[in-house]
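Engineer: Sharing a structure, written as structure tokens. Questions coming.
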Amino acid sequence: MPAAKLIVIYPMPKDVDAFERAYSAEHLPMAAPIFDAAGATKVVLTRFSGAAAGPSPYHRMAEIHFPSHEVLMACAASQPGRDALADAHRISNGGAPIVLIGTEDVVTFGQG
């Protein structure tokens, strides 16, 4: 059973400082225990600094990894999971975040 991940991509905020405060001080402390209790195995948080063709239309991306699609879907369907996703929408002051579900293939380079 392949691992799965929940991906949340936040558009560029109208007020970056307000978004960052809400993200760091409110959203992450609220969401982290929910995902931990639901069986998440890893969280990767990315802050974009640009794009190949200029400024990025996106500000942040959160990837919450789960051991399976079933575990991810159970978390997303639970009331705490729905609350965490609703909070992601609440703090996103540049528009609604994009929420995706995926799997990943990892290709490693430089391993001799």
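Laboratory data are not the source of any read-out in this text; all were calculated from the coordinates shown. Since this is a predicted model, take the numbers as computed values, not measurements. Quick reminder, even Gly has a Cβ in these numbers, built from the backbone with ideal geometry, and neighbours come from all protein chains shown.
Engineer: What's the magnitude of the charge dipole for the chain around its Cα centre, counting Lys and Arg as +1 and Asp and Glu as -1 at the beta-carbon? Answer in Debye, nearest 20.
Structural biologist: Using Cβ point charges on Lys, Arg, Asp and Glu, the chain gives about 140 debye.
Engineer: Per residue of the stretch 14-24, what does 6.51 cos²θ - 1.76 cosθ + 1.60 with θ = phi - 60° give for ³J(HN,Hα)? Whole Hz please, x for Gly and Pro, Karplus curve as stated.
Structural biologist: 5, 10, 4, 4, 5, 4, 4, 4, 5, 4, 6
Engineer: Order 50-63, 10-23 from most to least packed using the mean count of other Cβ atoms within 10 Å.
Structural biologist: 10-23, 50-63
Engineer: For Gly94, enumerate residues with amide H under 5 Å from its amide H, sequence gap 5+ or separate chain, H modeled in the peptide plane.
Structural biologist: Lys14
Engineer: Another one. Could you point to the residue in Gly54, Pro33, Ala96 farthest towards the positive end of the stretch 21-105's charge dipole, with +1 and -1 charges on the Cβ of Lys/Arg and Asp/Glu respectively?
Structural biologist: Selected residue: Gly54.
Engineer: Before rounding to the nearest 500, sum -39500 (n - 2.57) across all DSSP H runs of length at least 4 in the chain and divide by the residue total; then give [θ] at 222 nm in deg cm²/dmol.
Structural biologist: That comes out to -10500 deg cm²/dmol.
Engineer: Right, next: Just for the chain, what percent of DSSP beta bridges are antiparallel, to the closest 5?
Structural biologist: In the chain, DSSP labels about 95 percent of beta bridges as antiparallel.
Engineer: In vacuum, with every alpha carbon of the chain counted as one equal point scatterer, what does the Debye formula give for log10 I(q)/I(0) at q = 0.11, 0.16, 0.23 Å⁻¹? Two decimals, please.
Structural biologist: Taken in order of the listed q values, log10 I(q)/I(0) reads -0.38, -0.76, -1.29.
Engineer: Taking amide H atoms as placed 1.01 Å from N in the peptide plane, list the residues 5 or more away in sequence, or in a different chain, whose amide H sits under 5 Å from that of Tyr58.
Structural biologist: Met12
Engineer: Give me the net charge for the shell around Pro80: Cβ to Cβ below 13 angstrom, other residues only, Lys and Arg +1, Asp and Glu -1.
Structural biologist: That works out to -2.
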